[in-house]
Amino acid sequence: MTDAPESTPPAAPTTFTRPVTKRLAGRARRGAPGGAPVESEAAEGLFSRTHRAATAGFAAVMFLTGLAALAVVPTLPTAVRDLDGVALFPLVAGCFVAASLLGGVLGGHWADRAGAHRPLAVGMVLAVLTLLVSAASGSVWQLAAGRFVDGVAGGMIAVSVNAAIGQAYPDRLQPRALALMSACWIVPSLVGPPLAGLVAEWWSWRAVFYGLAALTALPALAVVAVLRRRSWQPASASAPASAEDDTPRPALLVALAVSVGAALGQYGASGWDTRHLLFAAAGLALLVLFASQLLPTGTWRAARGLPATVLLRGLSSGVFFTLEALVPLMLVTGRDVAPVVTGLAFTGAALAWAAASWVQGRLPEGTPRHRLVVVGASVQVAAVGLAVVGSLPGVPPVTAASSMVVAATGMGLLAPSLTVLSLAHAPQGRQGYASSAMQTNQNLGQILILGIASAVFNAFLSAGSDDHTGYVAAFALLLVPGVLAAVLATRARGT
């Protein structure tokens with residue numbers, strides 16, 4: 001899947017590499033001397049005879065991958081409960097994000113070498129197969145494996161769709177195509193979570209996975225057929241490499257090490273015995289050794305400018321993702337709330353994100369973006385407070401559910417602002433690298449903060465505390481990254 005638009009919360013954030021982004025900005029028009037479009041090309045639109053098959057195919061991919069991403073997440077708490085694997089929920093929820101980092105890098109490299117059609121086709125087929133694997137899960141381990149491979153597929157699809165748009169359309173149609181791809185997430189964000197909740201409640205969570213696989217299979221085959229018929233050419237084949245282009249590009253082995261380290265850490269956070277601690281230590285070692293290679297120098301110490309902006313993306317996304325993961329788990333397993341209710345909470349969060357994003361986009365020009373980050377982070381802190389209160393016995397479950405909506409409001413304010421700040425701080429000609437670093441640390445922040453919160457929760461359970469106390473402690477921990485983001489926002493101040 002591609003990046004979710006700024007108006008909707010990304011269910012499975014992805015990683016973009018610089019060559020793909022650069023291609024979107026600089027793809028030369030073909031068909032006339034000097035790169036100028038021929039007359040017939042100038043009159044063509046997204047749904048003209050030349051482009052309608054690709055446009056319909058890409059739109060179907062975006063709609064269905066968005067539906068799958070937004071429908072599966074609220075179903076996971078029910079699935080792990082039925083598979084007797086609640087303790088491993090952090091692994092199931094986080095391994096998709098960990099694997100999408102690897103899939104994004106893999107898809108970007110593959111698209112640069114051979115064109116975007118191959119990784120996109122493989123990603124689509126793989127996504128269908130992994131839905132079937134997850135649906136047939138006999139254990140929580142099979143479900144986790146299916147989610148990990150699905151993350152690889154999702155990352156490949158993410159960069160491949162954007163690269164394919166750069167390769168399939170002339171420059172003037174690329175912004176329209178990207179806008180259409182973003183619009184394809186609107187309906188899934190509204191209907192996907194509650195519909196999945198109804199299916200899980202009235203039938204089975206397995207039916208959600210099987211149904212999504214059936215819905216995706218035919219469009220996936222159609223897209224593969226369309227891609228095989230088109231003539232594709234990677235940008236590297238038509239444009240000479242610039243000697244001045246020294247932007248760091250994440251190596252596949254580095255991305256693989258980070259993805260594996262993140263998955264090991266998620267498993268290690270599910271218990272406090274010697275085995276889990278060893279896995280957690282191994283995962284942390286891999287992240288310490290390799291994660292910094294994917295990020296700007298000074299990210300972990302919040303150096304002013306791009307490093308601080310990248311750090312803020314990880315902190316804020318980690319708070320939101322952890323609430324999005326643990327609140328539904330608490331409602332389903334601890335409060336016996338119907339899955340459809342958690343689905344409605346996801347829909348409410350999508351609407352809140354969209355509304356807040358709309359508001360920040362219409363503020364007067366010149367409004368300091370770092371101040372919006374402060375406001376958004378403060379709103380997230382309030383959301384964490386709601387989650388803490390909602391975890392207490394006797395408090396209505398709607399209190400905890402509302403924390404997801406409030407947190408999404410904060411993200412709608414600060415996420416677009418951080419994107420603007422990252423582009424402003426990016427060195428000349430290196431906006432692609434800045435975008436890739438933002439997405440990478442978004443993934444890392446989600447994985448690390450969820451892992452730490454889950455470890456705290458399991459520590460309280462191991463000590464004999466009840467679920468309520470564990471959730472209170474886990475949610476209270478989120479106050480640290482939330483407050484830290486508000487305090488460090490000034491270090492991302494624009495010039």
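The single residue among 442, 431 that is closer than 13 Å to residue 319 by Cβ and modelled with pLDDT under 85 turns out to be 442. Checked against the criterion of being more than 25 Å from the chain's Cα centre (by Cα), under 22 Å from residue 475 (Cβ atoms) and not basic (Lys, Arg), the candidates 374, 398, 384, 379 yield just one match: 398. For the range 281-301, residues that are under 30 Å from residue 370 (Cα atoms) and either assigned by TED's automatic domain parsing to the domain that holds residue 452 or not aliphatic (A, V, I, L, M) (or both) total 9. Within the option set 96, 63, being buried (at least 22 other Cβ atoms within 10 Å of the Cβ) and among the aromatic types (Phe, Trp, Tyr) holds for one residue only, 96.
In the set 278, 264, only one residue is surrounded by fewer than 13 Cβ atoms within 10 Å (Cβ to Cβ), at pLDDT 75 or above and not assigned by TED's automatic domain parsing to the domain that holds residue 423; that residue is 278. Here the helices (runs of 4 or more DSSP H) wholly within the range 31-130 that include at least 2 residues being modelled with pLDDT under 75 are 39-42, 52-72, 89-114.
For every residue, the table says whether it meets (1) at pLDDT below 75; (2) touching a helix residue (DSSP H, G or I) at 6+ places or on another chain (Cβ under 7 Å); (3) under 16 Å from residue 65 (Cβ atoms).
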residue: 176; (1), (2), (3): yes, no, no
residue: 191; (1), (2), (3): no, no, yes
residue: 196; (1), (2), (3): no, yes, yes
residue: 203; (1), (2), (3): no, no, no
residue: 207; (1), (2), (3): no, yes, no
residue: 218; (1), (2), (3): no, no, yes
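Residues in the range 415-426 that are more than 16 Å from the chain's Cα centre (by Cα) and either surrounded by 22 or more Cβ atoms within 10 Å (Cβ to Cβ) or in contact (Cβ under 8 Å) with a residue 40 or more places away in the chain (or both): 417, 420, 421, 422, 424, 425, 426.
The residues of the range 64-89 that are among the acidic types (Asp, Glu) and over 15 Å from residue 204 (Cα atoms) amount to a single one, 84.
Restricting the first member to the range 373-394 and to residues that are in the same structural domain as residue 336 (by TED's automatic domain parsing), and the second to residues that are of a type in the set (Asp, Glu) and at pLDDT below 95, the beta-carbon pairs closer than 9 Å and six or more apart or on different chains are 391/467; 393/466. Of all residues in the range 114-138, those that are without any contact (Cβ under 8 Å) to a residue 24 or more places away in the chain and assigned by TED's automatic domain parsing to the domain that holds residue 158 have Cβ atoms under 6 Å from Cβ atoms of residues that are among the β-branched types (Val, Ile, Thr) and in a helix (DSSP H, G or I), 6 or more apart or on another chain, in 130/149. Based on this model, can you work out whether residue 357 counts as touching a Ser or Thr at 6+ places or on another chain (Cβ under 6 Å), polar (S, T, N, Q), over 30 Å from residue 88 (Cβ atoms) and in contact (Cβ under 8 Å) with a residue 24 or more places away in the chain? Yes; evaluated as a whole, the condition is true for this residue.
Cβ-Cβ distances below 7 Å connect the following pairs, each with a first residue in the range 73-89 that is in the same structural domain as residue 201 (by TED's automatic domain parsing), a second residue that is of a type in the set (Val, Ile, Thr) and surrounded by fewer than 24 Cβ atoms within 10 Å (Cβ to Cβ), and a separation of six or more residues or different chains: 77/333; 80/86; 80/140; 81/333; 83/140; 85/140; 86/333; 88/140. Would you mind stating whether residue 142 is surrounded by fewer than 24 Cβ atoms within 10 Å (Cβ to Cβ) and either closer than 27 Å to residue 194 by Cα or modelled with pLDDT of 80 or more (or both)? The answer is yes for residue 142. Remark: pairs (first residue in the range 461-483, farther than 26 Å from residue 414 by Cβ; second residue part of a loop (DSSP other than H, G, I, E, B); Cβ separation under 7 Å; 6+ apart in sequence or on different chains) = 462/272; 468/391; 468/392; 468/393. Scanning the range 273-305 for residues that are under 24 Å from residue 493 (Cβ atoms), in contact (Cβ under 8 Å) with a residue 24 or more places away in the chain and touching a Phe, Trp or Tyr at 6+ places or on another chain (Cβ under 9 Å) yields a count of 1.
The values are calculated or read from the model by the stated rules, or taken from the named source; none is laboratory data. Computed from a prediction, not measured in an experiment: that's the story for all the values here. Note: ideal-geometry Cβ built from the backbone for every residue, glycine included; neighbour counts use all protein chains shown.
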